[in-house]
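Encoded as structure tokens, the structure appears first; notes follow it.
What follows is calculated from the coordinates using simple rules that are stated; it is not laboratory data. In this text, all values refer to a predicted model and were calculated from it rather than measured experimentally. Using ideal geometry, Cβ is built from the backbone for each residue, glycine included, and neighbour counts are taken over all protein chains shown.
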Amino acid sequence: MDKRERERPRVVLGVSGGIAAYKACELLRRLTESGHDVRVVPTASALHFVGEATWSALSGNPAGTEVWESVHEVPHVRIGQGADLVVVAPATADMLAKAAHGLADDLLTNTLLTARCPVVFAPAMHTEMWEHPATQENVATLRRRGALVIEPAVGRLTGVDTGKGRLPDPAEIFAVCRRVLARGPRAAEQDLAGRHVVISAGGTREPLDPVRYLGNRSSGKQGYALARTAVARGARVTLVAGNTELPDPAGVDVIRIGTARQLHEAVVKAAAEADAVVMAAAVADFRPAAYTTGKIKKVEGQEPEPVALVRNPDILAEVSAERARRGQVVVGFAAETDDVLANGRAKLARKGCDLLVVNEVGEHKAFGSAENEAVILAADGSETPVPYGPKEDLAETVWDLVVPRLADTER
Ligand SMILES: Cc1cc2nc3c(=O)[nH]c(=O)nc-3n(C[C@H](O)[C@H](O)[C@H](O)COP(=O)(O)O)c2cc1C
């Protein structure tokens with residue numbers, strides 16, 4: 001194997017026998033196309049859904065299920081030892097039980113015992129199987145030992161059933177894998193494990209009539225990056241999302257809202273149980289004073305009525321002042337166009353939050369872009385500049401600053 005080959009991160013993709021096994025093909029594709037060396041380890045049950053030929057052809061590696069194949073290579077030890085990441089998607093109820101109890105009766109379960117790298121499980125099963133106390137205890141055991149178990153999504157299951165238990169979108173499982181790999185040795189820390197964080201994202205729309213609204217240019221990308229990075233650090237995440245086209249991040253409870261008042265209600269409700277609240281949404285300060293139930297018509301020879309505005313609730317100030325739990329950490333965002341730092345300091349003092357992420361609105365920054373650049377101001381007077389880069393990098397720095405401040409939060 002040449003050096004270039006060795007430099008590719010090695011990922012083991014474990015596939016267990018659930019109906020969602022076919023979705024693991026897309027995850028595999030994304031992993032290989034982004035330069036990872038992937039070894040697929042399916043269970044015997046998984047091969048009922050997708051055959052060995054598909055896994056080996058797509059990965060370019062053998063895809064055996066048993067410890068008795070290629071014994072001279074000692075695969076039951078080597079595959080796990082050499083991995084930089086193990087991701088099991090879908091993880092069946094049976095696989096979670098075996099992993100929690102340390103069984104080792106096939107190649108995948110052996111690999112899970114020999115791996116010393118981060119391990120991600122993406123469970124998928126019927127709601128009853130997921131909610132069963134046996135499964136929940138197995139999940140708790142795996143999390144306690146440092147595995148990242150992604151909450152299943154809510155939606156269509158096998159056949160006509162719907163409920164919690166659906167495999168999240170493979171592109172979003174891929175995003176979690178990338179975040180975990182990007183954290184390198186720190187991935188094992190899971191410093192948000194056992195914490196509940198609430199994040200708001202996107203922009204609000206304040207209706208004027210059934211077809212028009214007062215909106216803003218927020219894309220939601222920064223809030224979604226915060227949600228993805230929090231999942232990869234082990235948090236339970238509630239995302240209150242306004243008007244964005246972005247797909248639901250894996251493992252996140254997404255609450256969709258439209259207006260500032262709906263966002264206010266959803267954030268205050270979710271914050272009651274949260275350890276941290278991060279307000280990345282662009283919330284309209286004002287809304288039209290009146291809503292016209294029919295479309296406002298153009299009248300020949302007549303100027304339109306001026307639009308009167310009223311103030312919306314100041315959610316950041318309210319959440320900061322009321323702190324639903326002792327020690328709850330509150331983070332705000334401020335998009336400024338001029339006097340950025342001075343305006344940011346004044347806003348931090350006015351709102352009473354712990355941290356304020358101040359970013360300058362400009363071309364290729366803040367709104368719509370995948371990159372951002374900011375200074376994070378803290379109530380204790382410290383300032384953390386975050387250089388221009390992916391919104392995920394800024395999100396990681398926000399969590400780096402939130403984690404030590406959570407120390408005093410009552411659990
Ligand atoms: C059609 C069909 C679909 C199944 N889907 C799931 C599923 O989505 N999740 C699950 O936990 N088990 C599912 N099962 C049950 C598992 O295949 C069964 O528990 C098996 O023993 C799992 O083996 P493994 O964990 O070694 O892959 C399904 C079974 C069948 C026949």
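Values as computed for the structure displayed
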read-out	value
Length-normalised contact order of region 247-363 in % [C-alpha pairs under 8 Å, at least 6 apart]	26
Sites residue 68 and residue 145, calculated FRET efficiency, Cβ-Cβ separation with R0 41 Å, nearest 0.05	0.90
Local electrostatic count at residue 107 - Lys and Arg +1, Asp and Glu -1, tallied over other residues with Cβ under 14 Å	-3
Distance in nm between pseudo-label sites at residue 349 and residue 189 (7 Å out along the Cβ direction from Cα)	3.2
Mean Cβ neighbour count within 10 Å, used as a protection proxy, ranking 348-358, 80-90, 298-308, 222-232 highest first	222-232, 80-90, 348-358, 298-308
Relative compactness, the chain, computed as alpha-carbon Rg over 2.2 N^0.38 Å	1.10
Model label zone, residue 384; criterion: amide N under 15 Å from point 7 Å along Cα-to-beta-carbon; scope region 170-195	191-192
Footprinting exposure proxy for 195, 39, 212, 30 (fewest neighbouring C-beta atoms within 10 Å first)	212, 30, 195, 39
Exposure proxy ranking, count of Cβ atoms within 10 Å, fewest first, for 200, 59, 218	59, 218, 200
Relative contact order (percent, whole number), the chain, Cα cutoff 8 Å, 6+ residue spacing	11
Centroid-to-centroid separation of region 29-85 and region 299-320 [C-alpha atoms, Å]	58
Gyration tensor verdict on region 306-353 (Cα atoms; rounded if a/c is under 1.5, prolate if a/b is larger than b/c, oblate otherwise)	oblate
Chain lengthening between residue 371 and residue 103 when straightened (0.36 nm per residue, less Cα-Cα)	92.1 nm
Around residue 339: net Lys/Arg minus Asp/Glu count, Cβ-Cβ under 12 Å	-1
Cα shape, region 8-188, gyration tensor, a/c 1.5 rule	rounded
Acute angle (nearest 10 degrees) that the helix 340-351 long axis makes with the longest principal axis of the chain, alpha-carbon atoms	90
Selection from 247, 42, 135, by position along the positive dipole direction of the chain (Cβ)	135
